[in-house]
Structures are given as structure tokens and as C-alpha cells.
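Notes to accompany the following structure.
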Amino acid sequence: MQILGVDVGGSGIKGVPVNLDKEEYLGERFRLDTPVPREPKAMVNTIADVVKHWDWKGPVGIGFPTVIHKGKALEHGNLDKSWLGLQVDDMISQKIGLPVNVMNDADAAGLAEMEFGVGKGVDGLVIVVTVGTGIGSGVFFNGELIPNFELGQMRYKKKKIIEKYASRRVRLDNNMSFKKWGKRFNKFIQLTTEISQPELIIIGGGASKNLDEYIKYLKTDIPIVAAHTRNHAGIIGAALGARHLL
């Protein structure tokens, strides 16, 4: 079962064919910079260039950084406002001439972690949090995805979106210590656990590799673990989301 997975991020667009029977890449990830400004035509062209690199002829699964419902962008997230309301799957499919499935990027990452990572076999409510340029979240109940839970959009100080206060990008841009940033990220954990009581919280994205540095600042009784699939999750999950196209 081979599908080309593409992870569309705020800084880069990465793609590689995935063997979903073995959870392995069929080559090295190919990456192009996300065009700035992040407008539809330029981004679709860049996605097409990633697909063209692989001379791919089969289904393509794409993880996209905003709310996606039935292939349509219901928000624009960190992208250009002109994305709002566009039928993203049709736009990309028409450009590359291949069947395409588009889903929220955090949902895709969560899907990979629940299928192949530490979330596999965990019943009840599980939240996979991707911490990078923003804060994304994939929410699952008994292994089934509940799509488009954008927990990073919760409001915090002066009604600021929490991802603009506590993302990994914020830590890097402000050269914060893990202690200072960990206390900020704890605010996200506290808000999350005020509205839900998951069995497990899984940390993915770029912040997953340093969890040992800041987990002591996260004040909760709910188990928190690093994702197994880490930065591979977006591509693998995007491919998993396109299985129905085979």
C-alpha cells in the first residue's frame, strides 16, 4: 500500500512516498520552502513541484495547516486570507492530475501516532498535540479521529490565541529557556485539561524531541509522552488519510 504523503507547513512543504504496510518512507523526504506570501496559486504550484519530483502517478495525501472539512478550507490559519472557503482538494487535484485527499495537518499527525505510535491501542480520549510554528491538535476517542479540534486557537492573555504565546516558534524566536517556555506551555496544558480529561496527551512536532527538558513544568496528573513518529507523523498521517483513494 503506497501513497505519496505531503506535509504542508508554515516554513516548508515536504513529501515522500510511504509504504503503509511497513510504516516506512520509500526514499528521502523532498522539501521545498513554503512560498511567502502563502497565497493559493504559489502554494499549489509548490505542492505540484513536490509531487513532480517523485514522478508520482497514484493517490496523494496532504496534511494542510488549517481547518479542513470535506476538502474545503473553513479557516485560513497562518496562511493568506484568500484560502478561506477554497476547495483545496479539487484545486490541487486539477493541478497535478491525480486523486487527492486533504486533511488538517495536526489531524494527520495524530492519525499516524494512533496507527503506528504510542497511541496505538489506547482507548478513551487521547489528544495528540503538535508543537511547532503553531500548536495543532488531533483528538481521538477509542482510536477514531474527531476532526478539526483546534486547541491551539484557545484564548489566553488579553484574548491572545494560545499558540501565539506558547508555540515552539515563540520559544525559538525569543530565545527562551526550557523553564520559561515550559511554564508558558503549561498554560496550554491547563486550558486543555479544564475542558477535557484525556487518558493520554502525546506531544509531537519539533517540541517532541526536547520533552525531557520541560515536562517537569507541566502540572497535570494526565500522562504526557513524546510521539513515536515525531517529525515523520505529518507525512505518514497524510498518506493514511488517503487510503480510501486506492
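The values are calculated or read from the model by the stated rules, or taken from the named source; none is laboratory data. Keep in mind the model is a prediction, meaning the values are calculated, not measured. Cβ: placed from backbone, ideal geometry, glycine included. Neighbour counts: every protein chain shown. We work out accessible area using only protein heavy atoms, side chains counted, and drop any ligands, DNA or RNA first. Shrake-Rupley method; radii C 1.70, N 1.55, O 1.52, S 1.80 Å.
When a/c is below 1.5 the answer is rounded, else prolate if a/b is larger than b/c, else oblate, so apply that to segment 1-147 with a ≥ b ≥ c taken from the square roots of the Cα gyration tensor eigenvalues.
Working: a/c = 1.76, a/b = 1.23, b/c = 1.43.
Note, shape of segment 1-147 comes out oblate.
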Measuring from the lowest to the highest alpha carbon on each principal axis, how far does the chain reach, largest first, in angstroms?
-> 49, 38, 29
Antiparallel content of DSSP bridges confined to the chain, in %, to 5 = 60
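Ranked from highest to lowest mean number of other Cβ atoms within 10 Å per residue, what is the order of the peptides 11-18, 93-100?
Peptide ranking by packing, descending: 11-18, 93-100.
Between Lys22 and His244, take the C-beta separation as r, use R0 = 25 Å, and let me know the FRET efficiency to the nearest 0.05. Write down the numbers at each step before the final one.
Values: r = 20 Å, r/R0 = 0.79.
Here the calculated transfer efficiency is 0.80.
Ignoring ligands, DNA and RNA, what percent of the accessible area of the chain is carbon or sulfur (1.4 Å)?
Values: 5510 of 11600 Å².
Whole-percent figure for carbon plus sulfur exposure: 48.
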With R₀ set to 45 angstrom, the calculated FRET efficiency between the beta-carbons of Lys41 and Lys158, to the nearest 0.05, is 0.80
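Just add up the charged neighbours of His53: K/R +1, D/E -1, any other residue whose Cβ is under 15 Å from the Cβ of His53. Let's see the in-between values first.
Numbers: positive: Lys14, Arg29, Arg31, Lys52, Lys57, Lys95; negative: Asp7, Glu28, Asp33, Asp49, Asp55.
For residues surrounding His53, the net value is +1.
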In Å³ and rounded to a whole number, note down the convex hull volume per residue for the Cα atoms of segment 118-227.
-> 91
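Regarding segment 170-246, what's the average projected area of the Cα-atom convex hull, expressed in nm²? Walk me through the intermediate numbers first.
On the way: hull surface 26.0 nm².
Here the figure is 6.5 nm², rounded to one decimal.
Please give the net charge around Ile13, taking every other residue with its beta carbon less than 10 angstrom from that of Ile13, where Lys and Arg add +1 and Asp and Glu add -1. The partial results should precede the final answer.
Working: positive: Lys14, Arg31; negative: Asp7, Asp33, Asp49.
Every neighbour counted, the sum reads -1.
In deg cm²/dmol, rounded to 500, what helix-only [θ] at 222 nm does the chain give when every DSSP H run of at least 4 residues adds -39500 (n - 2.57) and the total is split over its residues?
After summing the helix terms and dividing by residue count, I get -9000 deg cm²/dmol.
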Out of Ile62, Val139, Val170, whose Cα points farthest toward the positive end of the dipole of the chain (charges: +1 Lys, Arg; -1 Asp, Glu; placed on Cβ)?
-> Val170
Ignoring ligands, DNA and RNA, what accessible area per residue does segment 118-227 give at 1.4 Å, in Å²?
-> 51
Shape descriptor, segment 79-177: equivalent ellipsoid semi-axes (Cα gyration tensor, sqrt 5λ, whole Å, largest first) stand at 25, 22, 13
Could you check which residue among Gly117, Gly85, Gly234 shows the biggest mean-square fluctuation in a GNM of the chain with a 10 Å Cα cutoff?
-> Gly85
Accessible surface ranking that places the most exposed of Ile3, Ile161 first, with a 1.4 angstrom probe = Ile161, Ile3
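Going by a ≥ b ≥ c, the root eigenvalues of the Cα gyration tensor, does segment 4-86 fall in the rounded group (a/c under 1.5), the prolate group (a/b larger than b/c) or the oblate group? The partial results should precede the final answer.
Working: a/c = 2.19, a/b = 1.62, b/c = 1.35.
Judged from the Cα gyration tensor, segment 4-86 comes out prolate (a/c at least 1.5, a/b above b/c).
Do any of Lys22/Lys57; Lys159/Lys216; Lys159/Lys219; Lys157/Lys180; Lys157/Lys219; Lys164/Lys219 go past 25 Å between their Cα atoms, and which? Provide the component values of the computation, followed by the final result.
Working: Lys22/Lys57 21 Å; Lys159/Lys216 27 Å; Lys159/Lys219 22 Å; Lys157/Lys180 16 Å; Lys157/Lys219 19 Å; Lys164/Lys219 21 Å.
Long pairs (Cα-Cα over 25 Å): Lys159/Lys216.
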May I ask you to derive the relative contact order of the chain, considering only C-alpha pairs under 8 Å and at least 6 residues apart, and to give it as an integer percent?
-> 22
Filter the trypsin sites (Lys or Arg not before Pro) in segment 149-206 to those in DSSP coil with at most 15 other Cβ atoms within 10 Å of their Cβ, and list the result.
-> Lys160
